[in-house]
Amino acid sequence: MGPKARREREREALRQVILDAARELFVEEGFENVSMRRIAEKIEYSPTTIYLYFEDKLSLLYAIWLEVIGRETDDPVDTLKKGCRAYIEFGLKHPNHYKVTFINHPHHPKDPGWKMEESMGMQAYGHLRAAVEACVKRKIFHATDVDAISQMFWAAGHGITSLLITMEHFPFVSKNQLIDMTLDSLIDGLKR
């Protein structure tokens, strides 16, 4: 292994150390209570080092979330369901960040630096679409329009998340029952 490959491996290993420390602190202390400085202290690096990998705390949280939804299993239906659930759970655990990321959109299309394909929403959609495409390619679903199916799952996941966040006083059935029933109904309706 040459020096360039070794540096890249070391860079990726440090990125993972940062992610692991942040995940642990977010769970233990709460996202809002953890600063980039606190994460740096935990891994015994300077905060500047973390900023070489992540623009801010929200982008760090998003990277953790992508790890969760990006995990594939041998069963594409299981991957799809886990990814959808991770999307919903992210929004419910971090409602303010979900609103900023997926509802209020911090970057506007008129902003010259804004690129839709690089937005968090489009990256999340890309993972969802890949999971749906795997189900279609394996002929698990009878429908074959990957974009229509993906958008249906996205609309359902976003709808559940948005409603549970914004309609706090509505007498919803249990959160898990609502999520499972929605995802199971969508999947069962598409199976051959």
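May I ask you to list the residues in segment 1-37 that are β-branched (Val, Ile, Thr), open to solvent by 50 Å² or more (accessible area, probe 1.4 Å) and free of Cβ contacts under 8 Å to residues at least 24 places away in the same chain? Spell out how you get there, then give the answer.
Within segment 1-37, the first condition is being β-branched (Val, Ile, Thr), and the residues that meet it are 17-18, 27, 34.
The next check asks that each one be open to solvent by 50 Å² or more (accessible area, probe 1.4 Å); those that pass are 17, 27.
Result: 27, single match.
Considering segment 139-176 alone, what residues qualify as being more than 24 Å from residue 99 (Cβ to Cβ), open to solvent by 70 Å² or more (accessible area, probe 1.4 Å) and out of contact with any helix residue (DSSP H, G or I) (no Cβ under 6 Å at 6 or more places or on another chain)? The answer is 139, 142, 145. Cβ-Cβ contacts under 7 Å between residues 6 or more apart (or on different chains), taken from a first residue in segment 88-104 that is β-branched (Val, Ile, Thr) to a second residue that is in a helix (DSSP H, G or I) and surrounded by fewer than 16 Cβ atoms within 10 Å (Cβ to Cβ), are listed as 101/121.
Apart from one condition, residue 72 fits all of (1) within 18 Å of residue 93 (Cβ to Cβ); (2) at pLDDT below 85; the exception is (1).
Which one of these is among the aliphatic types (A, V, I, L, M) and touching an Asp or Glu at 6+ places or on another chain (Cβ under 9 Å): 77, 27, 68, 17? Quick ask: steps written out before the conclusion?
Numbers: 77 fails: touching an Asp or Glu at 6+ places or on another chain (Cβ under 9 Å); 27 fails: touching an Asp or Glu at 6+ places or on another chain (Cβ under 9 Å); 17 fails: touching an Asp or Glu at 6+ places or on another chain (Cβ under 9 Å).
One residue alone meets the criteria, 68.
Against the condition more than 26 Å from residue 190 (Cβ to Cβ) and either touching a residue at least 12 places away in the same chain (Cβ under 8 Å) or surrounded by fewer than 16 Cβ atoms within 10 Å (Cβ to Cβ) (or both), how does residue 81 come out, does it pass? So residue 81 does not fit the description; no. When segment 1-38 is limited to residues that are of a type in the set (A, V, I, L, M, F, W, C) and not in a helix (DSSP H, G or I), the one that is farthest from residue 53 (Cα to Cα) turns out to be 1.
When you go through (1) open to solvent by 50 Å² or more (accessible area, probe 1.4 Å); (2) at negative phi one by one for residue 76, which number turns out not to apply? Just one mismatch for residue 76, condition (1). If the condition is being surrounded by fewer than 16 Cβ atoms within 10 Å (Cβ to Cβ), of a type outside the set (Ser, Thr, Tyr) and more than 11 Å from the chain's Cα centre (by Cα), then segment 48-71 contributes 52, 55, 56.
When the criteria are applied in full, residue 45 meets the requirement of being surrounded by 11 or more Cβ atoms within 10 Å (Cβ to Cβ), assigned to a loop (DSSP other than H, G, I, E, B) and either modelled with pLDDT of 90 or more or within 21 Å of the chain's Cα centre (by Cα) (or both).
The values are calculated or read from the model by the stated rules, or taken from the named source; none is laboratory data. What you are looking at is a predicted structure, and each value in this text was computed from that prediction instead of being measured. Here Cβ is always computed from backbone atoms with ideal geometry, including for glycine, and neighbour counts include all displayed protein chains. When the accessible area is computed, the model is the full protein with side chains, heavy atoms only, and any ligands, DNA or RNA have been set aside. Shrake-Rupley method; radii C 1.70, N 1.55, O 1.52, S 1.80 Å.
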